[in-house]
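The values are calculated or read from the model by the stated rules, or taken from the named source; none is laboratory data. Source: prediction; values computed, not measured. Every residue, glycine as well, gets a Cβ built from its backbone with ideal geometry; the counts of neighbours run over all protein chains shown.
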Amino acid sequence: MHDQVLFLCTGNYYRSRFAEYLFNHHAPAYSLPWRADSRGLAIELLERDAGPISPHTLRGLALRRIPVEPVRPPLAVSEPDLQRARLIVALKRSEHLPMLLQRFPDWVERVEYWQVDDIGDSHPDQALPQIEIAVLGLLQRLADAGR
């Protein structure tokens with residue numbers, strides 16, 4: 001049985017998906033019984049023809065030689081998703097806290113908030129390494145806590 005970290009962003013298309021794949025790729029090296037999943041807080045805001053995952057996410061993962069099969073479509077977060085997670089991380093506090101307050105107010109205090117801008121505010125060449133540093137730091141923190 002694995003503990004679960006749940007990464008949240010707006011569309012479950014770009015940032016949270018990158019964090020999910022990165023976490024799951026690196027977790028075995030830390031000997032952690034953890035798995036990541038990801039969901040979106042407002043996937044209805046995605047363009048209808050956006051596809052299943054951001055090309056920026058695919059490119060960032062390919063550059064790091066992280067496999068992405070199978071690729072699923074973006075998924076909206078639900079109460080059971082939150083209940084299953086031992087740790088919940090929202091990728092940007094100022095963007096996601098209002099969404100959580102509106103949709104899942106009982107969970108606001110259980111979420112760890114990062115500060116990674118979406119594509120309109122930060123180029124993927126800045127945002128993806130920022131996510132990578134945060135995910136690797138999280139893995140190290142979980143490894144240290146398990147010792």
Identify the residue in segment 99-120 that is among the aliphatic types (A, V, I, L, M) and in a helix (DSSP H, G or I) and, among all such residues, is farthest from the chain's Cα centre (by Cα). L101
Criterion (without any contact (Cβ under 8 Å) to a residue 24 or more places away in the chain and not hydroxyl-bearing (S, T, Y)) met by exactly one of V111, V71, V77: V71
Looking at the structure I just gave you, is A134 at pLDDT 95 or above, in contact with a strand residue (DSSP E or B) (Cβ under 6 Å, 6 or more places away or on another chain) and of a type in the set (A, V, I, L, M, F, W, C)? no
Evaluate the following for R86: is it within 13 Å of Y21 (Cα to Cα), of a type in the set (D, E, K, R) and touching a residue at least 40 places away in the same chain (Cβ under 8 Å)? no
Determine if segment 9-32 includes at least one residue that is in a strand (DSSP E or B), of a type outside the set (D, E) and buried (at least 17 other Cβ atoms within 10 Å of the Cβ). yes
Could you tell me which numbered condition R48 fails, if it satisfies all but one of (1) on the phi > 0 side of the Ramachandran plot; (2) over 13 Å from the mean Cα position of the chain (by Cα)? (1)
With the requirement that a residue be crowded, with 17+ Cβ neighbours inside 10 Å and part of a helix (DSSP H, G or I), what does segment 66-98 give you? D81, L82, E95, H96
What pairs can you find where one residue is in segment 126-147 and without any contact (Cβ under 8 Å) to a residue 60 or more places away in the chain and within 11 Å of A19 (Cβ to Cβ), the other is outside any helix (DSSP H, G or I) and among the hydrophobic types (A, V, I, L, M, F, W, C), and their Cβ atoms are less than 6 Å apart, with a gap of 6+ or different chains? Q130/V116
How many residues, within segment 1-45, are within 28 Å of A145 (Cβ to Cβ), over 9 Å from the mean Cα position of the chain (by Cα) and among the polar types (S, T, N, Q)? 3
If you check R48 against the conditions, is it in a helix (DSSP H, G or I) and farther than 25 Å from H2 by Cβ? no
